[in-house]
Amino acid sequence: MLVHEGAERNASIDRRLGCTLAAIAGAVNAAGFLAVGYYSANMTGNVSALASGLHEGRMELVLSCCGLILAFVTGAVLSALLVNAGRRHNLPSIYARSILLEACLLGLLGAVDFLFSAQPRDPVLAYGLSFLMGLQNATVTRISGARVRTTHMTGMLTDVGLELADWLEGFFHPVDPARRTVTRERLGLHAAIVLSFTLGGVAGAFLYGWWSGLFLLVLAGLLACLSLPGALSQEPVAEHKPAPVPSCGERHSCSRHLIHRKDRSGHWGSYE
């Protein structure tokens, strides 16, 4: 799930990865709110709270929201830097290593929650969890070609609405069967991610209330189990090479080759 990217992925792989990480993100989001009173994955809400704080003159709230947003963006930046470096050096399983890093840092935050009092604990948890949500969301966005986001439910629900409309329209107007299949797969993927995030949030609210910081350690262990097989994989990062140019003897039937190439691999204009 955390090795292949882009066109090498299919709907089943995206669904398993998206649902698993969305459930964990939902649990982290709910646990973070119970711990410190802020949603670590809900940047829309934090931006709105920032605007309200400015209107009401509550600078403490404004600074807190600015910190959460900056932490989320910093996590996304770190993910992009790691992935870009992995691609340049042809490192195996760079995405799995990014999620493994998230697991290790989440374990540290669980230990902070478990061991320290409120004063040093609250800001570390608030900004740390937002950082991890940015790291996770950016990693999954990159590996799936932006088809999957595990913390951004506003976008997922928008996609569900659009795809549901396209699917329903197929009952009243003629639609290409292949397009209808793609619409149904995307609708199932995005609806499953939203449901997983919701169920993860419900579980996180109850389990964090019972276990406190121990629950974050459990989530860190789950992330480690998910990422370790990919992190230990020796499969190199896929390199995308251009289509080969036909020999001179093949150029007399250029138009036929173009049509054949389009049918097999989707590349047009590969030749002169």
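So what J values fall out for region 26-38 if you push phi through Karplus, 6.51 cos²θ - 1.76 cosθ + 1.60 with θ = phi - 60°, rounded to Hz, Gly and Pro as x?
x, 5, 4, 4, 5, 5, x, 5, 5, 6, 10, x, 10
Over the Cα atoms of region 24-105, each weighted equally, I'd like the Debye log10 I(q)/I(0) at q = 0.14, 0.15, 0.18, 0.20 Å⁻¹, rounded to two decimals.
-0.60, -0.66, -0.83, -0.93
Highest first, please rank the peptides 135-144, 158-167 by the mean number of other Cβ atoms sitting within 10 Å of their residues.
Ranking, from highest mean packing down: 135-144, 158-167.
For the peptides 107-114, 80-87, what is the packing order when you average, over each peptide's residues, the other Cβ atoms within 10 Å and list the highest mean first?
Top of the packing list down: 107-114, 80-87.
Quick one: accessible area per residue over region 127-233, 1.4 Å probe, rounded to a whole number of Å²?
Per residue, region 127-233 has 50 Å² of solvent-accessible surface.
Which of the peptides 214-223, 171-180 is most tightly packed, and how do the rest follow, going by the mean number of other Cβ atoms within 10 Å of each residue?
Ranked from most to least packed, the peptides come out as 214-223, 171-180.
In whole percent, what relative contact order does region 52-197 give with Cα contacts below 8 Å and a gap of six or more residues?
Relative contact order, region 52-197: 25 percent.
For region 77-83, take each phi angle, set θ = phi - 60°, evaluate the Karplus expression 6.51 cos²θ - 1.76 cosθ + 1.60, and give the result in whole Hz per residue in order, putting x for glycine and proline.
In residue order, the calculated couplings are 4, 4, 4, 4, 5, 5, 5 Hz.
Using +1 at the C-beta of Lys and Arg and -1 at the C-beta of Asp and Glu, which of 47, 62, 72 has the Cα lying farthest in the positive direction of the dipole of region 1-115?
72
With θ set to phi - 60°, apply the Karplus curve 6.51 cos²θ - 1.76 cosθ + 1.60 along region 109-115 and write out the HN-Hα couplings as whole Hz, x wherever there is a Gly or Pro.
With the stated coefficients, region 109-115 comes to 5, x, 5, 4, 5, 6, 9 Hz.
The values are calculated or read from the model by the stated rules, or taken from the named source; none is laboratory data. Everything numeric here is computed off the predicted structure, so don't read it as measured data. Positions of Cβ are backbone-derived with ideal geometry, glycine not excepted, and every protein chain shown enters the neighbour counts. Heads up: the accessible areas ignore ligands, DNA and RNA and are worked out on the full protein's heavy atoms, side chains in. Shrake-Rupley method; radii C 1.70, N 1.55, O 1.52, S 1.80 Å.
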